[in-house]
Amino acid sequence: MFNKNISIIGGCGHIGFPLGLAFSEKKYNVNLIDKNLININLINNGICPYKEEKSKKILKKNLKKRIFAYSDFNKIKSSKYIIVCIGTPVNKKLKPDTSNFIIFFKKLKKFINKEQIIIIRSSIYPNISKKVFEILKDKNTNLSYCPERVVQGKLLTEVKGLTQVISGYNKLSITESAKLFKKIYKKVIVTEVLEAELIKLFSNAYRYMHFAIANQFFMICKKHNINFNKLRKNMIDGYQRNASLPSAGFTSGPCLLKDTMQLYSFTKNTFKLGFASMKINEKLPFFLIENLKNTIDFKKKVIGVLGLTFKSESDDIRDSLSINLINYLKKKKINFLCSDEYFKSKYNVTPEYLIKKSDIIIIMTPHLYYRKLKFPKSKVLIDIWNIKKNY
């Protein structure tokens, strides 16, 4: 049974929870170990703590049979595989903070044995896994770095078509990690550890910069009273070289900004494209507000912030630009209302009430439900996503 046991640390989070469900479907016994007691209780009562496609059915099927949620670290002692789903964040100054990550592995060392395979899963600051190896090596040298690369909320539907990057510090860690992830991934490839760390960060930074290009173009168009969506459509029409240009939109979330800034720090602040992309993407909501100030007196107006999560059909507000915008409105003492379809808060109102009572409405998150809403012509609507094409 030892070979079929997995412990996922951070197992009740957005990365660990769906990963645990995926392995439970392959007949592994999975311990979801977390410090979040609320999510532990939800999972143990058959309730998914986050929006995740197909998760309800799989949790119901495997709960208390192959899926268990705990706060007790001692549970890892009976597992062959220990998957760590915590990463290295950036602080308020957008500098990497690796201190808690290192402290965690010093704590983990007390619970592991030499036979276990330890896999780091989240995005991390480059070369930090080398420091982890130095911490663990006198007790366990089977350390791997196998980055997660799925779209949040879609692991259970995406994973079968993706390639998993495998890296490690010895042959056993690589072989065993590859064997494990082959159970749920279409293909695995083996790289050097630093290469795997950079693949993860480059992937997110590339996407972040890609979105920044569209957002910069949007702001240029806005200043010259040109419809960017129309321009983009004409730019792409019959010209395949431009087909990859994304639409403009509020680009945020717990990975893209963080990983881009980790690269910026790793390169000793020479990754100028990444830094410029951050300035563009983070500035966009405030650019729109400042643009309105030229024609509207906010003192007697109410701004409706429609959508609080960092992306559509999600309940995750981490690093959401909506939250940044709300904090800005509070600071400027501008009246506002907020609403979201998935993130529940006592401060939220219904979208219908928000539309009725707001003078200016900003669609911050393009939830599908908002396509059905009717916006009176008397309202000022900011719809960067272009979801209300006929408004």
Of those in the stretch 244-263 that are of a type in the set (Ser, Thr, Tyr) and surrounded by 24 or more Cβ atoms within 10 Å (Cβ to Cβ), the residue modelled with the lowest pLDDT is SER252
Over the stretch 164-187, the set of residues in a helix (DSSP H, G or I) and either within 17 Å of LEU136 (Cα to Cα) or among the hydroxyl-bearing types (Ser, Thr, Tyr) (or both) is LYS171, LEU172, SER173, ILE174, THR175, SER177
Could you look through the stretch 57-70, keep only residues that are out of contact with any Ser or Thr (no Cβ under 6 Å at 6 or more places or on another chain), surrounded by 14 or more Cβ atoms within 10 Å (Cβ to Cβ) and not aliphatic (A, V, I, L, M), and pick out the one that is nearest to LYS139 (Cα to Cα)?
TYR70
Could we say that ILE102 is modelled with pLDDT of 95 or more, over 22 Å from HIS14 (Cβ atoms), buried (at least 21 other Cβ atoms within 10 Å of the Cβ) and of a type in the set (A, V, I, L, M) here?
no
Apart from one, (1) in the same structural domain as TYR145 (by TED's automatic domain parsing); (2) modelled with pLDDT of 95 or more; (3) surrounded by fewer than 16 Cβ atoms within 10 Å (Cβ to Cβ) all hold for PHE202; the odd one out is (1)
Of (1) hydrophobic (A, V, I, L, M, F, W, C); (2) in a loop (DSSP other than H, G, I, E, B); (3) buried (at least 18 other Cβ atoms within 10 Å of the Cβ), LEU94 fails just (3)
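Looking at this structure, is LEU194 surrounded by fewer than 17 Cβ atoms within 10 Å (Cβ to Cβ) and modelled with pLDDT of 95 or more?
So LEU194 fits the description; yes.
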Would you check which residues across the stretch 137-170 are surrounded by 20 or more Cβ atoms within 10 Å (Cβ to Cβ) and among the hydrophobic types (A, V, I, L, M, F, W, C) and list them?
LEU143, CYS146, LEU155, LEU156, VAL165, ILE166
Residue count, the stretch 302-358, condition of a type outside the set (A, V, I, L, M, F, W, C), free of Cβ contacts under 8 Å to residues at least 60 places away in the same chain and in contact with a Lys or Arg (Cβ under 8 Å, 6 or more places away or on another chain), comes to 3
Do we have any residue at all in the stretch 218-227 that's in contact with a helix residue (DSSP H, G or I) (Cβ under 7 Å, 6 or more places away or on another chain), buried (at least 21 other Cβ atoms within 10 Å of the Cβ) and not assigned by TED's automatic domain parsing to the domain that holds ILE86?
yes
Pick out the one residue from LYS35, LYS80, LYS4, LYS65 that is under 27 Å from LEU201 (Cβ atoms) and basic (Lys, Arg).
LYS35
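Per-residue answers, yes or no, for (1) at positive phi; (2) of a type in the set (A, V, I, L, M, F, W, C); (3) touching a residue at least 40 places away in the same chain (Cβ under 8 Å):
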position: ILE15; (1), (2), (3): no, yes, yes
position: ASN31; (1), (2), (3): no, no, yes
position: LYS35; (1), (2), (3): no, no, no
position: ASN39; (1), (2), (3): no, no, no
position: ILE47; (1), (2), (3): no, yes, no
position: LEU59; (1), (2), (3): no, yes, no
position: ILE67; (1), (2), (3): no, yes, yes
position: SER71; (1), (2), (3): no, no, no
position: SER78; (1), (2), (3): no, no, yes
Filter the stretch 220-266 down to the residues that are in a loop (DSSP other than H, G, I, E, B) and in contact (Cβ under 8 Å) with a residue 60 or more places away in the chain and list them by number.
SER247, ALA248, GLY249, PHE250, THR251, SER252, GLY253, PRO254, CYS255
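The values are calculated or read from the model by the stated rules, or taken from the named source; none is laboratory data. If you're wondering where the values come from, they're calculated on a predicted model, not measured in any experiment. Ideal geometry is used to build each Cβ from the backbone, glycine not excepted, and the neighbour counts take in all protein chains shown.
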